[in-house]
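Participant: Shown below is the structure under consideration.
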Amino acid sequence: MIRVLLVEDHNSFRQSMAFMFEQEPDFEVAAQAGSLTEARGALEGVDVAVIDLGLPDGDGVELVRDLRAVNPGGKVLILTSSTKRHHFARAVEAGVAGVLNKAVSIEEIVDAVRRIHGGELLLSQLEVIEMLRLAAGQRERDRTAQQALGELTPREWEVLRLLAEGLNDNEIAGRLAIRSDTARGYMSSILNRLGVESRLQALLFAVKHGAIKIEAAE
Amino acid sequence: MYNWSRNTNKCGVWPDIYRPILGITSIRGWQVCMETIRVLVANEPRSYREAFSFAFRKLRPHISVVTIEPYELDGEVLRLRPDLVLCSELTETVRTCSPSWVLLYPHGDSRAVVSIAGSRTTTTDIQLGDLLSVIDQLQYLARP
């Protein structure tokens with residue numbers, strides 16, 4: 001009997017998947033969880049954990065290490081709706097046994113869990129190597145980006161935050177009680193340090209690397 | 001077998017002439033459903049709609065469940081006149097031609113919007129049991 005843990009914050013899908021697995025004679029749903037926190041308390045005795053990549057309290061790959069600590073033979077299948085290869089790459093690098101996009105059929109998911117439990121890898125050796133290279137490249141790009149953001153001065157951070165609020169150079173100058181050409185100077189320095197060519201690119205850079213959050217409009 | 005409940009102007013009208021012929025004089029009589037309700041499952045992604053369809057067929061074997069690709073939604077709503085549509089994108093056709101619908105996880109959001117005969121509720125934590133309750137409600141409303 002393959003004991004399965006399902007970790008997915010879309011409850012209705014998780015419950016439907018659980019129902020489906022329970023109809024299979026060789027599966028038992030050991031537990032279900034809607035978050036990393038819930039899942040961490042349910043890893044005991046799990047053979048295969050089917051985990052959503054994007055959970056409300058973190059990245060699903062974080063459970064790989066936790067599962068191995070409780071059950072060294074436990075395996076992880078990541079499900080994701082992302083089509084970004086670096087998401088797949090990060091999961092492979094973390095040591096998951098397989099990654100599937102949620103656009104596959106439900107039968108493929110069930111079959112993948114069987115294959116993983118049987119010791120198969122869903123990716124070929126070449127694919128794994130490619131994913132590892134991709135993950136390493138992404139890590140390097142992230143490191144470079146964090147370094148660039150770290151070089152911004154406190155004043156430049158203020159300017160960047162005001163840019164994220166939608167202010168133009170004159171409005172930024174007014175808010176900071178500085179001259180407009182001084183504000184433009186700061187902006188020019190920001191673009192230079194981040195290696196981008198426009199205010200929009202600077203904003204996207206900061207958001208992409210977690211330096212700034214854009215709040216939803218009310 | 002006839003379903004008398006599909007009577008919106010845009011999507012097909014049962015002419016009033018049939019009512020006296022068939023002895024149906026009240027709105028409630030007009031809404032008698034002589035067949036099981038039909039649920040059209042067209043949400044994204046594929047694994048979700050297949051999982052829901054599987055669960056509905058097993059747990060509510062008396063209903064008709066039709067699973068389609070999202071791009072087929074408008075055409076199939078007009079063709080099949082489902083009692084309930086599950087979708088990830090609310091089209092004008094669904095809004096106007098389907099008596100009830102559930103908008104599930106649009107753009108991967110956690111939110112769902114349930115509309116039963118025009119009455120809407122929004123939730124961020126919809127469960128499988130909630131979807132089955134919607135089906136049960138529609139089955140109850142469709143009873144003779």
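Each reported figure results from applying straightforward, stated rules to the coordinates on display, with no laboratory input. Keep in mind that this is a model prediction, so the values were computed, not measured. FYI the Cβ positions are ideal-geometry reconstructions off the backbone, even for glycines, and counts take in every protein chain you see.
Participant: Ignore the peptide's own chain and count Cβ atoms of other chains within 10 Å of each Cβ in A:5-14; give me the average, rounded.
Facilitator: So the per-residue partner count for this stretch is 5.
Participant: Under 1.5 on a/c is rounded, so check that first for the protein assembly as shown, then, if it is not, pick prolate when a/b is larger than b/c and oblate when it is not; a ≥ b ≥ c are the square roots of the alpha carbon gyration tensor eigenvalues.
Facilitator: Taking the square roots of the gyration eigenvalues as a ≥ b ≥ c, the protein assembly as shown is oblate.
Participant: While we're on this one: Treating cross-link reach as a plain straight distance, find the lysines whose alpha-carbon is under 20 Å from the alpha-carbon of A:LYS84, omitting any fewer than eight places away in the same chain.
Facilitator: A:LYS102, A:LYS208
Participant: Also: To the nearest 10 degrees, how steeply does helix A:106-117 sit against the main Cα axis of chain A, on a 0 to 90 scale?
Facilitator: 70
Participant: What aspartates and glutamates could a cross-link reach from A:LYS213, if we take a straight Cα to Cα line under 13 Å and drop same-chain neighbours fewer than 8 places away?
Facilitator: By straight Cα distance, A:LYS213 reaches A:GLU165.
Participant: Could you work out the mean count of beta carbons from other protein chains within 10 Å of each residue's beta carbon in B:42-48?
Facilitator: Per residue, the average neighbour count from other chains is 6.
Participant: Another question, then. Points 7 angstrom from Cα along the Cβ direction at A:HIS209 and B:SER64: gap in nanometres?
Facilitator: Inter-label distance under the simple model: 5.8 nm.
Participant: Give the shape of the range B:42-144 as rounded, prolate or oblate, defined through the alpha-carbon gyration tensor: a ≥ b ≥ c are the square roots of its eigenvalues, a/c under 1.5 means rounded, and otherwise the shape is prolate if a/b is larger than b/c and oblate if not.
Facilitator: It is rounded, given that a/c, with a ≥ b ≥ c, falls under 1.5.
Participant: Only Lys, Arg, Asp and Glu count, each charged at its Cβ (+1, +1, -1, -1), so figure out the dipole size of the protein assembly as shown about its Cα centre, rounded to 20 debye.
Facilitator: 580
Participant: Turning to a different aspect of this structure: Using only the alpha-carbon atoms, how far is helix A:154-164 inclined from the longest principal axis of chain A? Give it as 0 to 90 degrees, nearest 10.
Facilitator: The angle comes out at about 70 degrees.
Participant: Net charge around A:VAL70, counting only other residues with Cβ within less than 11 Å of its Cβ (Lys, Arg = +1; Asp, Glu = -1)?
Facilitator: Taking every other residue near A:VAL70 into account, the sum is +1.
Participant: With springs connecting C-alpha atoms under 10 Å apart, model chain A as a Gaussian network and identify which of A:ILE116, A:ILE190, A:ILE178 has the largest mean-square fluctuation.
Facilitator: A:ILE178
Participant: Which whole number gives the average, over all residues in B:123-129, of C-beta atoms from other chains lying within 10 Å of the residue C-beta?
Facilitator: Numbers: counts 0, 1, 5, 4, 5, 9, 3.
Counting Cβ atoms of other protein chains within 10 Å of each residue's Cβ and averaging gives 4.
Participant: Assuming R0 = 41 Å, what is the FRET efficiency of B:GLU92 and A:GLN125, from their Cβ-Cβ distance, to the nearest 0.05?
Facilitator: 0.25
Participant: Using alpha carbons only, how many degrees (0 to 90, rounded to 10) separate the axis of helix A:11-23 from the longest principal axis of chain A?
Facilitator: 20
Participant: Taking a ≥ b ≥ c as the square roots of the eigenvalues of the Cα gyration tensor of the range A:1-118, is the shape rounded (a/c under 1.5), prolate (a/b larger than b/c) or oblate?
Facilitator: Note, shape of the range A:1-118 comes out rounded.
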